[in-house]
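A short write-up of the structure that comes next.
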Amino acid sequence: MDALMTYLNVWGYNDWDPWTFLTILLMACVTVITRCFFFIADAPWTLPSWAQRGMQYAPIAALAAVVLPEIVMTQGVFIHSLADARIYGALAGAAYFFWRRDSRQAVLGTIVAGMLVYMPLHVGLHW
């Protein structure tokens, strides 16, 4: 470990903790190994059917995890007033989606419907 600290001191890393450096190095190794695991395996690898069904919901779950807190929270605190344009925009978008979910333009229409409700309330009424 002293040789490593001497090497780092030569390059200007005077206050590096060797345990921090070792942790970063090991985390990089774990990341490379887990990402290359599928290339290293010799046999073809498939997910079980239950996992494949679950993966169909992964994009929806990720989107909900990102969007839902933006709708119901402001600066880490739940909103406590119904005078918030985000609620009504989200409801309008959801209503449009469930109305037209079988059409090809359901996603674009959802965005447009939500913004058509959100923008006048946010800009006009300053909600």
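The values are calculated or read from the model by the stated rules, or taken from the named source; none is laboratory data. In this text the structure is predicted, and so the values were computed from the model without any measurement. Positions of Cβ are backbone-derived with ideal geometry, glycine not excepted, and every protein chain shown enters the neighbour counts.
Can you tell me which residues in segment 39-54 are surrounded by fewer than 10 Cβ atoms within 10 Å (Cβ to Cβ) and at pLDDT 85 or above? Hits for segment 39-54 are Pro48, Ser49, Trp50, Ala51. Checked against (1) modelled with pLDDT under 80; (2) exposed (fewer than 10 other Cβ atoms within 10 Å of the Cβ); (3) part of a helix (DSSP H, G or I), Thr20 passes all but a single condition, namely (1). Within segment 78-98, at least one residue is assigned to a strand (DSSP E or B) and without any contact (Cβ under 8 Å) to a residue 40 or more places away in the chain. Can Ala85 be described as at pLDDT 90 or above, surrounded by 10 or more Cβ atoms within 10 Å (Cβ to Cβ) and not charged (D, E, K, R)? Spelling it out, Ala85 is indeed at pLDDT 90 or above, surrounded by 10 or more Cβ atoms within 10 Å (Cβ to Cβ) and not charged (D, E, K, R). Only one entry in Val72, Val67, Val30 is in contact with a strand residue (DSSP E or B) (Cβ under 7 Å, 6 or more places away or on another chain) and either without any contact (Cβ under 8 Å) to a residue 24 or more places away in the chain or exposed (fewer than 10 other Cβ atoms within 10 Å of the Cβ) (or both), namely Val72.
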